[in-house]
Amino acid sequence: MECFDIRDNGDDQMTADDVSNRILRYSDLKEMGVVNNRPTLYRWIKDIGFPQGFMLGPNTRGWFEREVERWLESRLVTTDRSDLDRRKGHRDG
């Protein structure tokens, strides 16, 4: 995974803050299993609030790892059986 740390803390050891400030590229998102292809990524940015990120160069976009993690956490949903039944149109009783 190719990640860039935007801060140099003066030593070779990474702190928790350093990890959360890493910059991820598309290949990192794909390797992490966040997204499988670019069209899906662009659709998520446009339609469901995935972080837009920022341009690292003319053809390269980056995302702060912390923003991606927050978005992923916001998408986590716990589902119990009653939720599944309700979504499928089933009724209790």
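The values are calculated or read from the model by the stated rules, or taken from the named source; none is laboratory data. The structure presented is a predicted model; accordingly, all values stated were derived computationally and were not measured. Glycine gets a Cβ as well: all are built from the backbone with ideal geometry, and neighbour counts include every protein chain shown.
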### Message
Quick check on region 42-93: of everything there that is hydroxyl-bearing (Ser, Thr, Tyr) and modelled with pLDDT of 90 or more, which residue is surrounded by the most Cβ atoms within 10 Å (Cβ to Cβ)?
### Response
42
### Pair list, Cβ < 7 Å and 6+ apart or interchain, from region 25-41 residues that are within 14 Å of residue 53 (Cβ to Cβ) and touching a residue at least 24 places away in the same chain (Cβ under 8 Å) to residues that are surrounded by fewer than 16 Cβ atoms within 10 Å (Cβ to Cβ) and hydroxyl-bearing (Ser, Thr, Tyr)
25/60
### Query
Exactly one of (1) surrounded by 12 or more Cβ atoms within 10 Å (Cβ to Cβ); (2) part of a helix (DSSP H, G or I); (3) modelled with pLDDT of 75 or more is unmet by residue 23. Its number?
(2)
